[in-house]
Amino acid sequence: MKLKRHLFIAAALTGTLVLAGCDNGDDTEQATQNEASSQTEQAAQNGASSQTEQQASQTLQGKLEFSATETPLPEEAEVTVSLKDVAEANDPTVITETTVTPKNGEPVEFALDYDASAVTASHAHILQATLHDGDGNLHWSTKQRHTVEIGPDAEQGPITLVLEPVTSGPSGDESLQEAQQDMLEPEKDSGEATSEAASQSMEEIDEKATEMQAPTTSEADTTTAQ
């Protein structure tokens, strides 16, 4: 009887250990599955976050060129490339800027990042580049209007900005202001320009017709004498 009792106890203990081992194994497997699931979910969240950031951040790329290669650039020169909202021509808004260091007047590439969620895609936007020396004095600037498409769905290709020397002194400042004003003003529609040209032509024709119809002084005197 004692032997049977010992055997029964041993069997019971063995069964308990086996069950305990199974429970531990199940717990370990469940923990492993939970950890893998958590890692997968975290990776998905990171991927979605990265995609959202990529859509929010856009980049304008292009090249800077200098029209007068024989004109040396000043020492410690830096070019500032600016993205501007010119919906209000008299009050343009700078969206973002970046600086580029030119090399001996040779063409140099630039990349300008902006937050697509922080702009109004329906507004008119331009790129402008200015070159200053180490003391902050302006020496070169773009003088043409460079309109760009922006926004999360924009498909703006590379753009070339051509900088021209700026004459020092009051006359140079005035010419630069006029050039910048031209950049900020909206481009005229071709139909509007054609209409203005036609109107001017008609005025010239009317003036010439009036001159041809008006009698000269001698003709007027002759008529009076008769």
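Going through Ser37, Ser50, Ser122, Ser117 one at a time, which residue ends up being outside any helix (DSSP H, G or I) and either at pLDDT below 90 or not β-branched (Val, Ile, Thr) (or both)?
Ser122
Within region 55-85, the only residue that satisfies the criterion of being under 10 Å from the mean Cα position of the chain (by Cα) and open to solvent by 70 Å² or more (accessible area, probe 1.4 Å) is Gln61.
Between Glu192, Glu109, Glu211, the distinction of being open to solvent by 60 Å² or more (accessible area, probe 1.4 Å), at pLDDT 60 or above and farther than 19 Å from Asp91 by Cα belongs to Glu109 only.
Which ones in region 86-103 are touching a strand residue (DSSP E or B) at 6+ places or on another chain (Cβ under 9 Å) and open to solvent by 40 Å² or more (accessible area, probe 1.4 Å)?
The first filter runs over region 86-103 and keeps only residues touching a strand residue (DSSP E or B) at 6+ places or on another chain (Cβ under 9 Å), leaving 86-87, 92-102.
Result: Ala87, Pro92, Thr93, Val94, Ile95, Glu97, Thr99, Thr101.
Checked against the criterion of being within 20 Å of Ala68 (Cβ to Cβ) and among the β-branched types (Val, Ile, Thr), the candidates Thr147, Thr120, Thr99, Thr130 yield just one match: Thr130.
Just one of Glu109, Glu65, Glu88 is charged (D, E, K, R) and more than 19 Å from Pro158 (Cβ to Cβ); which is it? Outline the logic, then answer.
On the way: Glu109 fails: more than 19 Å from Pro158 (Cβ to Cβ); Glu65 fails: more than 19 Å from Pro158 (Cβ to Cβ).
None of the others qualify; the one that does is Glu88.
On inspection, Val94 qualifies as closer than 21 Å to Thr59 by Cβ, under 12 Å from the mean Cα position of the chain (by Cα) and free of Cβ contacts under 8 Å to residues at least 24 places away in the same chain.
The values are calculated or read from the model by the stated rules, or taken from the named source; none is laboratory data. Remember, it's a predicted structure, so these values are computed and weren't measured experimentally. Every residue, glycine among them, receives a Cβ derived from its backbone with ideal geometry; neighbour counts consider all protein chains shown. Remember, those area values only see protein heavy atoms, side chains included, never the ligands or the DNA or RNA. Shrake-Rupley method; radii C 1.70, N 1.55, O 1.52, S 1.80 Å.
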